[in-house]
Structures are given as C-alpha cells and as structure tokens.
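Beneath this line is the structure, given in structure tokens, with notes to follow.
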Amino acid sequence: MVNELLEDLRMGLDPVAFSRHIGIDPDPWQAEVLRYEGKRLLLNCCRQSGKSTTTATKALHTAIYRPHSLILLASPSLRQSQELFRKVKDGFRALENPPALLEDNKLSMTLANYSRIISLPGDQATVRGYSGVTLLLEDEAAQVSDDFHAAILPMLIVNRGQLITMSTPFGKRGFFFDAWNDGGGEWKRIQVAAQQCPRFTPELLDQQRRALGDMFYRQEFMCEFVDTEEQTFQYDLICGAFDDGVKPLFDEVDMV
C-alpha cells in the first residue's frame, strides 16, 4: 500500500514517470514537453513524430492530478479532435488503477475528481462558451483558421491556462506560421524533424522523399515552411515588395 502511494506521488510530480507507467517511454523532446509548465508552447513536428501521443498523455496527467481541470482538444475537424481524444482514452485504459469516471462518451470524459477532457471541432461558431480552461491542445494548428484560433484564446484568460499548439507546417500563412516566425518571447518553440526521431531509418526517409517529392518532403518531414503549389508569387518575393522607408505619394490630408 505504501509503495503504491509513493508510486502515485512520483507520477503526480513527474509526468515522464506517468508516461512510462502507461507504457510510453518518451524521447528527450517528448519528456521536455511533458514537463513544460510555461503558458505557451509551439510544437513544429514532422509527421508521425509522436506529438499527439505526447500531448494526449499530458492532458490525461493534468486531468488526474489537477482536480476540477478543464482540458480542451481542438483541431480543424471533429474527426481529428476525436482521434486525439482516442489517444487520451488509450492512456487511460493502460492505467493499472484508473480513476472512476462520472462521464464517458465519444467526445468527452469526466473524472471522479471533476476534471473534464472535451474534444472540439474547428468551428468558431460552435466552441464559444467554455471558460476557466486549464490546458488547451490545438492539433494540426497550421490548418486551423485564424477565426477559430481567435475564438478559443479567451478561454484561457481566467485560469491563465496553458496553450500547446502543434502541427506540421502548411505553407507560409496563418497564425501558426506567424507565431513560429514572429510570435515573440512568450512562446517556447520546439522543432522535431525526422532525423530526431529514432523510429525513422534513413532508408524509410529516402523512400518518403521519392514518394512525396522535394517540396512535400521538406514540409512533412523536415518541418520547413515552404511555399505552396497554388501560390502565384513566392512569400519572400511578396515580403520584398514592401519597404517601410518609402514615403507615400500622397498625405492623408491631400486625399480628403
């Protein structure tokens, strides 16, 4: 009994110990994410790097060891949010002595300590109303609309909740690209390219490069923000067309 209490205390204090308890031995960058306690975290990660599994583990750990927590899982579509939620439930089922549940369905779960985990669709018109959020996970964030991102940010104000925004790049556009490149010091940034994942062999990556082509490979596995195929002008050319040092031809007064 004493050993069980000590183990539970150890897992409560260290999310990495909790992750190992449910059968997930994290890579160094995953351990950093699990232990991160700051308010804003950007994860620019390649495909199949384990970002969803890691953040789902963090969500479950928060729900169990922080009573009355509200954890929201947001994605561009409800299907994607449910997939992240499925990883949370996989972790829950791996627990030796899981806590009792007051609610358990396809979209949410409520623990006996009144912590809730809820999956949301990427529609700003239907997500308003939540407040006092402890942890907000924004998956595939490069494809989340700016309107949706703006709608969910106020949910973090009351509790000074933690926001973890994670994605593979999707062009040089949107809030994820802006935050990664020019979001200021409030964000901690972690980039995980394919070479940092021990599960990827050079042979497998070479196969993916040949199958995807250079541009998509750089985006999906090298975590590069590349110009999309449908762009008429490259992003750098557009930025180069602007010069703050050039004075306008007409003053505002002259134009009235």
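What strands (runs of 3 or more DSSP E), lying completely within the stretch 12-130, carry at least 1 residues that are surrounded by fewer than 14 Cβ atoms within 10 Å (Cβ to Cβ) and at pLDDT 95 or above?
101-104
In this structure, does V144 turn out to be under 21 Å from Q48 (Cα atoms) and modelled with pLDDT under 90?
In short, yes.
Does any residue of the stretch 71-79 turn out to be of a type in the set (A, V, I, L, M, F, W, C) and farther than 16 Å from E140 by Cβ?
Yes: the stretch 71-79 contains one or more residues that are of a type in the set (A, V, I, L, M, F, W, C) and farther than 16 Å from E140 by Cβ.
Looking only at residues in the stretch 200-235 that are open to solvent by 100 Å² or more (accessible area, probe 1.4 Å) and at pLDDT below 90, which one is nearest to A179 (Cα to Cα)?
Of everything passing the filter in the stretch 200-235, Q234 is nearest to A179 (Cα to Cα).
Restricting the search to the stretch 177-191, which residues are in a loop (DSSP other than H, G, I, E, B) and either in contact (Cβ under 8 Å) with a residue 24 or more places away in the chain or buried (at least 20 other Cβ atoms within 10 Å of the Cβ) (or both)?
Of everything in the stretch 177-191, those that are in a loop (DSSP other than H, G, I, E, B) and either in contact (Cβ under 8 Å) with a residue 24 or more places away in the chain or buried (at least 20 other Cβ atoms within 10 Å of the Cβ) (or both) turn out to be G183, E186, W187.
Just for the stretch 150-176: of the residues that are open to solvent by less than 20 Å² (accessible area, probe 1.4 Å), in contact with a helix residue (DSSP H, G or I) (Cβ under 7 Å, 6 or more places away or on another chain) and not small (G, A, S), which one is farthest from R47 (Cα to Cα)?
So the residue we want is I152.
Considering only residues of the stretch 131-149 that are in contact (Cβ under 8 Å) with a residue 24 or more places away in the chain and of a type in the set (D, E), which is surrounded by the most Cβ atoms within 10 Å (Cβ to Cβ)?
So the residue we want is E138.
Output the residues belonging to the stretch 167-196 that are over 19 Å from F216 (Cβ atoms) and among the β-branched types (V, I, T).
I190
All but one of (1) open to solvent by 20 Å² or more (accessible area, probe 1.4 Å); (2) part of a helix (DSSP H, G or I); (3) modelled with pLDDT of 95 or more hold for D8; state the number of the condition that does not hold.
The number of the failed condition is (3).
Residues checked against (1) under 30 Å from R209 (Cβ atoms); (2) in contact with a Cys (Cβ under 6 Å, 6 or more places away or on another chain):
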| residue | (1), (2) |
| --- | --- |
| P28 | yes, no |
| A31 | yes, no |
| R40 | no, no |
| C46 | yes, yes |
| S49 | yes, yes |
| S52 | yes, no |
| T55 | yes, no |
| K58 | no, no |
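The values are calculated or read from the model by the stated rules, or taken from the named source; none is laboratory data. Treat the numbers as computed from the prediction; the structure is a model and nothing was measured. No Cβ is skipped: glycine too gets one built from the backbone with ideal geometry, and neighbour counts run over all protein chains shown. Quick note on the areas: whole protein, heavy atoms, side chains included, nothing else; ligands and nucleic acids left out. Shrake-Rupley method; radii C 1.70, N 1.55, O 1.52, S 1.80 Å.
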